[in-house]
Amino acid sequence: MRIGELARTTGTTPRALRHYEQAGLISSERTPNGYRIYDERTVGGVRNIRYLLAAGLTLDDVQVFLPCLDGDVAAAPPSEKGLRVALERLAVLNERIAAQTEARDRLEAALRYKTGGRIRPVA
């Protein structure tokens, strides 16, 4: 299947698919005129990549799951390496959330001080 059909089937964009291919997560063959042709099994791989990215992993993190992208990543038991990567990413996300929460709290306190406690949401 060509890149446009794969994009439609998986709910992604051709640009994202080229990015996944450049990262080594999927592969294609080239026709004589240069079009990318993907195997039907790539559909599952792309869906798994999107699942992992939506869970908060990065493309670099997804590399660890490369051996099992053709299967059902969501239902499969995690490998030690996959679990370690996911836990490391969770720690990074928690640190970012904590930093953002602190920044929000500082801004809110400054606004309360400057407005005499009256904070109105901006529409």
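Show that you can apply the helix-only estimate: for the chain, add -39,500 (n - 2.57) for every DSSP H stretch of four or more residues, divide by all residues, and state [θ] at 222 nm to the nearest 500.
Calculated from helices alone, the mean residue ellipticity at 222 nm is -18000 deg cm²/dmol.
State, in angstrom, two size descriptors of the range 77-123 derived from its alpha carbons: Rg to one decimal place and Dmax to the nearest whole number.
Cα-based Rg and Dmax for the range 77-123 come out at 18.1, 54 Å.
Using unit Cβ charges (K, R positive; D, E negative) and no other charged atoms, how large, in debye to the nearest 20, is the dipole of the chain about its Cα centre?
Value, rounded to 20: 760 debye.
Please list, by residue number, every one of the trypsin sites (Lys or Arg not before Pro) in the range 1-51 that is coil in DSSP and has at most 11 other beta-carbon atoms within 10 Å.
Hits after loop and neighbour filter: R41.
From the phi angles alone, apply the Karplus equation (6.51, -1.76, 1.60; θ = phi - 60°) to the range 12-27 and give each ³J(HN,Hα) in whole Hz, x where the residue is Gly or Pro.
Couplings: 10, 10, x, 4, 4, 4, 4, 5, 4, 5, 4, 7, x, 8, 9, 9 Hz.
Quick one: 3J(HN,Hα) in Hz for the range 110-118, Karplus 6.51/-1.76/1.60 with θ = phi - 60°, rounded, Gly and Pro as x.
Computed from phi, the couplings for the range 110-118 are 5, 5, 4, 5, 6, 10, x, x, 9 Hz.
Using unit Cβ charges (K, R positive; D, E negative) and no other charged atoms, how large, in debye to the nearest 20, is the dipole of the range 77-123 about its Cα centre?
The dipole magnitude comes to about 300 debye.
Give me a comma-separated list of calculated 3J(HN,Hα) values for the range 43-55, in order, Karplus coefficients 6.51, -1.76, 1.60 applied at θ = phi - 60°, integers in Hz, x for any Gly or Pro.
4, x, x, 5, 4, 5, 4, 4, 4, 5, 5, 5, 6
What is the spin-label model distance, in nm, from L87 to R104 if the labels are put 7 Å beyond Cα along the C-beta direction?
Placing both labels 7 Å beyond Cα along the Cβ direction yields 2.8 nm.
Between A54 and K114, 0.36 nm times their residue separation minus their Cα-Cα distance comes to what?
Answer, rounded to one decimal: 17.7 nm.
Net charge near G4, counting Lys/Arg +1 and Asp/Glu -1 over other residues with Cβ under 14 Å of its Cβ?
+4
What percent do you get for the relative contact order of the chain when only Cα pairs under 8 Å and 6+ apart count?
Over the chain, the number comes to 18 percent.
Could you state the principal axis extents of the C-alpha atoms in the chain, from the largest down, to the nearest angstrom?
69, 37, 22
Would you pull out the residues with amide H under 5 Å of R2's amide H, same chain only if 5 or more places away, H placed 1.01 Å from N?
Here Y38 satisfy the definition.
As an exercise, identify the GluC sites (Glu not before Pro) in the range 25-120 lying in DSSP coil whose Cβ has no more than 13 other Cβ atoms within 10 Å.
In loop regions of the range 25-120 (DSSP not H, G, I, E or B), the sparsely surrounded GluC sites (Glu not before Pro) are E40.
Only the coordinates and a few stated rules stand behind these numbers; no lab work does. Being a predicted model, the structure only gives us computed values, none of them experimental. Note that we place each Cβ from the backbone using ideal geometry, even for glycine, and neighbour counts take in every protein chain shown.
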